[in-house]
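Peer 1: The structure is given below, and queries will be raised subsequently.
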Amino acid sequence: MVNKHTLCSLCDEYDKIEIPIIQRDYAQGREEQSDLRNRFVEYLVTAMEEGTCIELDFVYGNEREDVDKDGRTLLKTFIPIDGQQRLTTLWLLHWFLSVREAKLHDMRKVLSKFTYETRPATHDFCKYLINEEYPANSLLNIDSYIKNRNWFDPEWLNDGSINGMLRMLKTFSAYSSLTNGKVKLEQLLSPQNAISFYFVPLKQFGLSEELYIRMNARGKILTEFENFKSEFYKIVKSHPRLEEIKDKMEYDWVSHLWSYRKKKVFVTDECFMSFLCFVTRMLYFSQAKYRSEEGYEDDFTNFNLLRKIYFNNENVNFLIFAFDHIPLLSSFDDFSIIRVKEKKLSLSEILSMSIKGENMQIDQFVVLFSALSYLYKHRSVLGEITDSERHTFYDNLKDYVRIVRNLIVNTKDKSEREQPRILRSVIYLAENANVYAIVRKPGFNLEGLRDAQCIEENIKSKIIEKYPDAKPLIQRIEDDQHFYGNIMPILASVYTSREKEIDCYVVSDEDVDNFETKRLDAIYQTYKMLAQDDFHAIWGNMLNSSLYTHYKPDARLIFDEDYAKHPAVMALSVKYTDCKFDSLDEFLQNEEKKFVKRVSSKYSELKEVRDVKVQLYLLYILTIRVMQCDRSDFFANGWYNFGWLKKESGFTSLFDNGIEGDLRYSEVNPIFQTYNSQFRYSWGLNSEHSLPCEIVGNGRPQKPWEKLKEWATKQT
C-alpha cells in the first residue's frame, strides 16, 4: 500500500527510522551542492511562507520487526532505501523550528526516532543535537555555536554527514522567516499545511533492498528515467570515465540543468533527455552516410541507436563535454545569432530551446552544434586559457559561429540526406581557432552548404583581413533582419549602381583592394532609411523595376518575395546615396518626373502605353502626385501584387489598347486590382482593391496625361 505521510506521521507509525550503512553521506549538505541545496530549501521555505501544501514524491524502503519469543512485536523499524536526503532535511528543519520556538523538549520524543543507527559518529551527533538546550539567538550562527559546544567532538568534522547537517543548518539560518518566527513549527505538524511524501514499503511489492542501493534522491519508483539510466550505464560501461559519468548525472549535470526545468517540477529528467537527444542527433548525422538509401533514424532515445553512437568512446567524451559546458554556452546571451521572424535568438536561447525540448529548426540545431564542436575541438586551449587570452578565444568562437550561421541560413537544401555533409563541413570549419584562416583560402567551398554563400564568406574574410575596421560594419549588416547573413547585394552596390550588374556582380580580389568602408556604410545608412515601414515609401518606385515580374498566363504582376535585398532596392539605395537632394521625397519626385518625361517623349497618348510595369508606375505617380492620395490608397489593403480584369461599369481604364504580351488582355482595357497571395478572378472588380484613378467619380483628374506631363515639367 502507498500511504501519504509527513515526517511526524511516519514517526508515529514506526518506533525507529534508521538510516542504513549502505546509504551515502548526507549529500544535500555537501559544499559542492550549494546551488541545489539553496534551491531546495527556498522551495520548502517559500511553500511554508505561502501556506502551500507540497509533496516530495516517494520515500521507500524496508520494514524490520524485532519480536519476542512469543512473536509479539517489540520494535518496528523503517529503513529508508530511497529518501534519506529528504527525510534528513525535514528532520533538521523540525529541529531548527523547535529550537526557535523553545519547543525542542516537546519534540524530543518524535525527533529521537530518527537515527543514523549504524554510523556511530552521526548517531551520537544527532543524539546530542536533540538532547541539549539552545537559546533562540544561537540559530543566527548555529553551525559555529554547535561546533563550540563541549559535547562536540572535533573528529566529527571528518564525517561527511555531520558536516552536511551543519551546512544545512547554516543554510536555514540565512532565511529570516525561519529565524524571526514568520514560519511556524505547527505548519509542519498540521496536515493542512504539511510537507508530505508518499511512503512505499518495498516488501509489499516483493522488491529487494539491493535494487535500490544505487538510487538517488529523485523518489521515483522504477521511473522511465531510472530505467534509462540503468541501461545507459550498461552502454558506456567500458568507458574509463564511467563512475565520473554516474556522479555527474547525479550532481553536476542536475545543477547545470536545474534552471531549465518546468515550473513546479523538481527533477531534471526531461531536460537531460532533451539535451541528450540533441547531442545524439548531431553525432548521428555527422557520422551518417550521405544520401543513405536506407533512410535515417528519428528516435534518438532508442537504445539500439544509443549503443551504436556511444560504443565509440570519443562520442562519449563529446557527450560529457557538452553537458559539462552548458554553463559556458548559457553565458552567450549577448550574441544574437539566429533570427526567427522578428526575434533574434542568442546562443544561450537556442541552448535553452534544446534543453527544454522545444521545436527547433535545423538552422538552430547546426548553430548550437557548431559552438559545441568548436569548444570541443579547442578544449585543450580552453582548459588552459588565461584571463588575457579569454577575450580573443571567445571572439574567435563568435566569428566561427557567425560564419556557420551565414552558411546554414542561406542554404536551401537542409534535408536529412544533406545533413551528414553539412555537419561534417561544420566540424571541418572548426579546425583552425581563427576561422578566417580557413575561409579566406582560394577556392573556399564546403560540401552541403550553398556555393554562392561560401564565395561571399571568402570575399568578406579577405575584406576583413585587409580592412579590420570594416569588420564591425560587415557584421552589423549581416545581423540586419533583411539580410540574414547574405550581404552580397549591398557589397556589390559598393562597386556598381546598375540594377542588372548588382544581380550578378562578382567581387574580385582587385575589388577587395579598392574596397571603401565609408562607401558601404553610407549605402547601408541609406538602405536602412528606405527599409523603414517595410519599404512602403519606395514600393511604388519599384513597379518599373526587375523587382516585379509580369506573370503572363494568369494576368498578374507579382513582386519578388526576396524583395528586401533585391538589386532594384540596392540600386535605388546607391542612387539616393549619391544624389544631391536633402529629402527622400524630393529625390523620388525627381526620379518620377524624369520617368514621365521619358515616357511622354515616346508616347503622345496614355493608351499607347502597353507595358504593364510602365502603366502601373504612371498610375502610381498620377495617384500620389496629381491626385495627392496616400500610398496606402494605391496599395489597397496593404497588398503589393496586382491582377487585372476587364473593365465594367463604374470603372475606367487609361490604357485602351490593353497590355502587351498578356494572353488575355493584349487588346482589352484592364482594371487593376491589388491582391495578397492569390488573385481570385471570381471576386470580380471590387473598389476596395482598385486604384483610386480607375474608379469613376473618385476625384480622378480630367485629362490625366496632360496633368501628369504638367506636373513633371513644373519647377519645385
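Peer 1: Compute the accessible area per residue over the stretch 471-514, keeping the other protein chains in place, probe 1.4 Å, unit Å².
Peer 2: That works out to 48 Å² per residue.
Peer 1: For mean projected area of the Cα convex hull in nm², one of (i) 45.3; (ii) 47.7; (iii) 54.9 was computed from the structure I shared and the rest are decoys. Which label?
Peer 2: Only one listed value fits the structure, namely (i).
Peer 1: Provide the FRET efficiency to the nearest 0.05 for the E516-Q361 pair, computing r from the beta carbons and using R0 = 56 Å.
Peer 2: 0.95
Peer 1: Could you state the accessible area per residue of the stretch 533-651 in Å², with a 1.4 Å probe and every protein chain left in place?
Peer 2: Computed with neighbouring chains in place, this is 43 Å² per residue.
Peer 1: Another question about this same structure. Treating only the Cβ of Lys, Arg, Asp and Glu as charged (+1, +1, -1, -1), what charge dipole size does the chain show about its Cα centre? Round to the nearest 20 debye.
Peer 2: 960 debye
Peer 1: Additional query: How many angstrom separate the Cα center of the stretch 680-716 from the Cα center of the stretch 283-333?
Peer 2: 63 Å
Peer 1: Modelling each spin label as a point 7 Å along the Cα-to-Cβ direction, I'd like the K707/N317 distance in nm, to one decimal.
Peer 2: Between K707 and N317, the simple spin-label model gives 7.9 nm.
Peer 1: Set the Förster radius R0 to 45 Å, insert the Cβ-Cβ distance between Y681 and V506 as r into 1/(1 + (r/R0)^6), and round the FRET efficiency to 0.05.
Peer 2: Taking R0 as 45 Å, the efficiency between Y681 and V506 is 0.60.
Peer 1: Tell me, how many Å apart are the Cα centres for the stretch 95-155 and for the stretch 1-62?
Peer 2: Using only Cα atoms to place each centre, the spacing works out to 18 Å.
Peer 1: Okay, next question. For the stretch 501-576 and the stretch 402-422, what is the centre-to-centre distance using only Cα atoms, to the nearest Å?
Peer 2: What the calculation gives is 26 Å, centre to centre.
Peer 1: Let me ask something else. Given a 1.4 Å probe, how much area per residue of the stretch 306-447 is accessible, in Å²?
Peer 2: Ligands and nucleic acids excluded, the result is 43 Å² per residue.
Peer 1: Probe radius 1.4 Å, ligands and nucleic acids ignored: give me the carbon and sulfur share of the accessible area of the stretch 658-708 as a rounded percent.
Peer 2: 41 percent
Peer 1: Stretch Y296-N227 to full length: gain in nm at 0.36 nm per residue minus the Cα-Cα span? Intermediate values should be presented prior to the final figure.
Peer 2: Numbers: separation 69, 0.36 × 69 = 24.84 nm, distance 2.58 nm.
This chain segment gains 22.3 nm when fully extended.
Peer 1: For the ranges 350-360, 388-398, what's the packing order if you count other beta-carbon atoms within 10 Å of each residue, average per peptide, and put the highest first?
Peer 2: 350-360, 388-398
Peer 1: What is the extension gain from E384 to W151, computed as 0.36 nm multiplied by their sequence separation minus the C-alpha to C-alpha distance, in nm to one decimal? Kindly include the intermediate steps, with their values, before the conclusion.
Peer 2: Working: separation 233, 0.36 × 233 = 83.88 nm, distance 4.69 nm.
Gain on extension, E384 to W151, equals 79.2 nm.
Peer 1: For n ≥ 4 DSSP H runs only, could you compute -39500 (n - 2.57) per run for the chain, divide by its residues and tell me the 222 nm figure to the nearest 500?
Peer 2: The per-residue figure over the chain is -14000 deg cm²/dmol.
Peer 1: Express the carbon and sulfur contribution to the solvent-accessible surface of the stretch 512-564 as a percent, rounded to the nearest whole number, probe 1.4 angstrom.
Peer 2: Values: 1070 of 2430 Å².
Carbon and sulfur together cover 44 percent of it.
Peer 1: Run through the DSSP bridge list for the chain and note the antiparallel percent, rounded to the nearest 5.
Peer 2: 75 percent
Peer 1: Let me ask something else about it. With unit charges on the beta carbons (Lys and Arg positive, Asp and Glu negative) and the dipole taken about the Cα centre of the stretch 116-167, which residue among L166, F152, L129 sits farthest to the positive side?
Peer 2: Comparing the listed Cα positions along the dipole, L166 ranks first.
Peer 1: Dipole of the stretch 265-358 (Lys/Arg Cβ +1, Asp/Glu Cβ -1, origin at the Cα centre): which of I355, F335, N304 lies farthest to the positive side?
Peer 2: Comparing the listed Cα positions along the dipole, F335 ranks first.
Peer 1: Quick one: pull the percent of accessible area on the stretch 357-434 belonging to carbon and sulfur, 1.4 Å probe, ligands and nucleic acids left out.
Peer 2: Reported share for carbon and sulfur atoms: 46 percent.
Peer 1: How large is the convex hull of the C-alpha atoms of the stretch 1-144 per residue, in Å³?
Peer 2: Details: hull volume 20.3 nm³, N = 144.
Expressed per residue, the convex hull around the Cα atoms of the stretch 1-144 is 141 Å³.
The values are calculated or read from the model by the stated rules, or taken from the named source; none is laboratory data. What you are looking at is a predicted structure, and each value in this text was computed from that prediction instead of being measured. FYI the Cβ positions are ideal-geometry reconstructions off the backbone, even for glycines, and counts take in every protein chain you see. In case anyone asks, the SASA skips ligands and DNA or RNA and just uses the protein heavy atoms, side chains included. Shrake-Rupley method; radii C 1.70, N 1.55, O 1.52, S 1.80 Å.
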